[in-house]
Each structure stands twice: as structure tokens, then as C-alpha cells.
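Q: So that we are looking at the same thing, I have put the structure below in C-alpha cells.
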Amino acid sequence: MAINSILVIEDDRFIGEMYVRSLQRAGYTVDWMVDGNDGLIAARNKPYDCILLDLMLPEKRGGEILQVLRGQQDLIPNTKVIVLTNFDQDEHSRLAMEHNAEAYLIKAEITPKKLLSVIEKLSAS
């Protein structure tokens with residue numbers, strides 16, 4: 001499934017702007033939400049091909065958003081989810097998150113170029 005539309009849920013202005021700018025330059029349609037509640041509403045109300053989801057968000061944590069979206073009703077069955085975090089989780093939490101997401105990336109290790117590469121690989125799969 002080709003990825004064209006991306007929802008970025010990221011509260012850090014610098015990181016969010018960097019992702020949005022890089023993604024738009026690469027030709028993606030991008031919406032950006034800075035808190036968990038708005039991100040969840042956006043993800044429910046508009047179909048996205050991919051969601052970049054920060055874990056540590058105001059209002060509602062990324063893990064909660066993922067549980068709602070990929071829970072019993074799986075509101076986003078055709079959407080790829082990439083979890084982005086600098087928060088070092090215990091292995092059980094990380095594995096649970098990875099089970100519900102197509103990628104789990106540490107922000108400190110990911111450049112915009114690497115992020116685009118991950119999205120391209122998901123788009124091809």
C-alpha cells in the first residue's frame with residue numbers, strides 16, 4: 001500500500017517542524033497535531049496511510065492512543081503506525097507497543113532521511 005497521507009502526533013515543536021518539512025518536501029500530505037487528544041480525534045476522523053506517534057504527549061499518551069486505535073475495533077486497520085520516542089521503556093511495554101505498530105524508533109537515533117527511508121520501506125510492504 002502506497003503511503004501518501006501522514007498524521008504526525010508530536011508535541012515538540014522543533015522535532016514536529018523538522019518531520020513535517022521533510023515529509024512535505026518528499027511529497028507527502030501531512031497533518032500535524034501537538035497533543036494526544038487532538039491526535040486521536042484526527043486519526044479517527046480522517047483516513048491516513050501512516051501515523052507518526054510520539055509516546056510522551058500532553059493530554060493523552062501515545063500508548064493510550066495506540067490502544068484505542070488498534071484495540072478491539074481496530075479503527076485504523078489499513079494505517080501504518082510508526083512509534084517515535086526518546087523514552088526508554090521496559091521490554092514488556094516496548095514489545096506490546098511494537099506488536100501494535102509497524103515500526104518503533106528512538107528519536108535520538110533517527111534523522112529525517114532515515115525516517116523517510118523507513119516510510120518508503122513500509123510503503124513498499
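Laboratory data are not the source of any read-out in this text; all were calculated from the coordinates shown. On a predicted model such as this, the values are computed, not experimentally measured, just so you know. So basically every Cβ, Gly included, is an ideal-geometry build from the backbone, and we count neighbours across all protein chains shown.
Q: Can you tell me the length gained on complete extension of the stretch M18 to D74, counting 0.36 nm per residue apart and subtracting the Cα distance?
A: Fully extending the segment from M18 to D74 adds 17.2 nm.
Q: Could you run the Karplus curve 6.51 cos²θ - 1.76 cosθ + 1.60 with θ = phi - 60° over the range 102-114 and give me ³J(HN,Hα) per residue in whole Hz, x for Gly and Pro?
A: Here the 3J(HN,Hα) series is 7, 8, 9, 10, 8, 3, 4, 9, 10, 9, x, 5, 5 Hz.
Q: Amide H of V30: which non-local residues (sequence gap of 5 or more, or other chain) have their own amide H closer than 5 Å, using H built in the peptide plane?
A: For V30, the qualifying residues are I6.
Q: Among M56, Y28, N78, flag the residue with its Cα farthest along the positive direction of the charge dipole of the chain, charges on Cβ as +1 for Lys/Arg and -1 for Asp/Glu.
A: Toward the positive end, the furthest listed residue is Y28.
Q: When the helices in the chain are scored as -39500 (n - 2.57) per DSSP H run of 4 or longer and the sum is shared across all residues, what 222 nm value do you end up with, to the nearest 500 deg cm²/dmol?
A: Value at 222 nm, helices only: -12500 deg cm²/dmol.
Q: With +1 on each Lys and Arg Cβ and -1 on each Asp and Glu Cβ, how big is the dipole of the chain about its Cα centre, in debye rounded to the nearest 20?
A: Around 420 debye, computed over the chain.
Q: From Cα pairs below 8 angstrom and at least 6 apart in sequence, can you work out the relative contact order of the range 5-124, rounded to a whole percent?
A: Relative CO of the range 5-124 lands at 23 percent.
Q: Which whole-number percent of Cα pairs in the chain have a distance greater than 18 Å?
A: Value for the chain (Cα pairs over 18 Å): 46 percent.
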